[in-house]
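Every number here is computed from the coordinates shown, using simple stated rules; none is lab data. Values in this document were obtained by computation on a predicted structure and should not be read as measured data. Cβ: placed from backbone, ideal geometry, glycine included. Neighbour counts: every protein chain shown.
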Amino acid sequence: MLRLETMNKQATYFLCTKRLGFRLWREDDFKLALGLWGDFAVTRLIDARGKLSNDQVSQKLQHEIASEEAYEVQYWPIFLLSTGEHIGCCGLRPYDLAQGIYEIGFHIRSQQWGNGFASEAASGVIEFAFKNLAVEALFAGHNPRNSTSSKLLEKLGFRYTHDEHYEPTGLNHPSYLLAKEDYTGRR
């Protein structure tokens, strides 16, 4: 399922699944970022500020680039392999580095919902994290009004652990964990 591709002039993606390619966010990706995080349908469950302004979208893009520079992870932009169309982003953020725990997250463009891209992208990132990075567990949380994410996380093997306050929404989000030994035991 998972293919790693080296970064060179010919290979754009460092990670591929059956239909999706992953690469790093770049400074010139503002239009892609705006198409994703400028869509209120996407951000309404992850950010309480309402529709994000161009400046706020630019800040999110810069945050992802800075995360890659500091931690070598980000919510990587994902693209359809067949067409190159931008689908959204999926990746990792530091959560509890002392324990080897990273947070997984995915944001899919609203016009692409219902195509299984979140599941496919998350599965690829989970496999990548446990096989290629020093990850002991993955944390995930979701807006309590997002039952779709709850079902997906359970399907991916995450187990509910607690509710945790998520500052960007001001809500307590159901939170989940997938330990490396649980993941490798399912394979």
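What the table below lists for this structure:
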{"quantity": "Dimensions (Å) - region 1-137, Cα atoms, principal axes, largest first", "calculated": "38, 37, 30"}
{"quantity": "Gaussian network model of the chain, Cα within-10 Å springs - most flexible of Phe139, Phe40, Phe158", "calculated": "Phe40"}
{"quantity": "For region 114-187, the spread of Cα positions along each principal axis, largest first, Å", "calculated": "34, 28, 19"}
{"quantity": "Straight-distance crosslink candidates among lysines, where the alpha carbon sits under 22 Å from Lys51 and sequence neighbours closer than 8 are dropped", "calculated": "Lys31, Lys60"}
{"quantity": "Peptides ranked, highest mean first, by Cβ atoms within 10 Å: ranges 42-51, 14-23, 98-107", "calculated": "14-23, 98-107, 42-51"}
{"quantity": "Those aspartates and glutamates that a straight Cα-Cα span of less than 12 Å connects to Lys180, excepting residues fewer than 8 apart in one chain", "calculated": "Glu127, Glu136"}
{"quantity": "Alpha-carbon centroid distance for the pair region 19-81 / region 164-181, whole angstrom", "calculated": "20 Å"}
{"quantity": "Computed [θ] at 222 nm, deg cm²/dmol, the chain (DSSP H ≥ 4; -39,500 (n - 2.57); rounded to nearest 500)", "calculated": "-10000 deg cm²/dmol"}
{"quantity": "Relative packing of 147-156, 81-90, which averages over residues the other C-beta atoms within 10 Å, highest first", "calculated": "81-90, 147-156"}
